[in-house]
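Novice: Next up is a structure, given as structure tokens.
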Amino acid sequence: MRLSEPFNHIPEQNFIQFASYEGMAEVWIPPQIQNLTGGVEIVRVPGSTVRQLINNLDEQYPGLKEILYDEEEEDIMPGLAVIVDGEASQLGVLERVTDNSEVHFLPAIGGGH
């Protein structure tokens, strides 16, 4: 099988494993919590909302949910912002994501006075 760009550098025996990532959002893990992912910076996760992404992340990497999700408020942990496809989310865990979404969890930046 001949693979096209950008996959032609992947050995054929690894392509099926790599191809299984299709249809999953790309979640960028903040450096401060990459110790929970074994140093992994980018994780492919299924889900149609940020809440589902967090739940599925926690299945792969236990402990992430308690850092990202405030159970009491049922929202993103205070002090964090979620960026979906380059836009700061106002909906928090209710924000919809697509199979091609790029999601970042970043320290929230407060406004000035």
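Novice: (1) of a type in the set (D, E, K, R); (2) surrounded by 12 or more Cβ atoms within 10 Å (Cβ to Cβ); (3) without any contact (Cβ under 8 Å) to a residue 40 or more places away in the chain; (4) assigned to a loop (DSSP other than H, G, I, E, B): which one isn't true of residue 72, the others all being true?
Specialist: Status for residue 72: all satisfied but (2).
Novice: Working carefully through the options 99, 70, 75, 85, find the one that is among the acidic types (Asp, Glu) and in contact with a Ser or Thr (Cβ under 7 Å, 6 or more places away or on another chain).
Specialist: Values: 99 fails: in contact with a Ser or Thr (Cβ under 7 Å, 6 or more places away or on another chain); 70 fails: in contact with a Ser or Thr (Cβ under 7 Å, 6 or more places away or on another chain); 75 fails: in contact with a Ser or Thr (Cβ under 7 Å, 6 or more places away or on another chain).
Testing whether each residue is among the acidic types (Asp, Glu) and in contact with a Ser or Thr (Cβ under 7 Å, 6 or more places away or on another chain) leaves just 85.
Novice: Under 8 Å between Cβ atoms, at least 6 apart or on separate chains: pull out the pairs that start in region 45-65 with a residue that is farther than 14 Å from residue 96 by Cα and free of Cβ contacts under 8 Å to residues at least 12 places away in the same chain and end on any residue that is of a type in the set (Ser, Thr, Tyr) and surrounded by fewer than 16 Cβ atoms within 10 Å (Cβ to Cβ).
Specialist: Nothing qualifies.
Read the figures in this text as sums done on the coordinates, not as results from a lab. Please read all numbers here as calculations on a predicted model, not as lab measurements. Quick reminder, even Gly has a Cβ in these numbers, built from the backbone with ideal geometry, and neighbours come from all protein chains shown.
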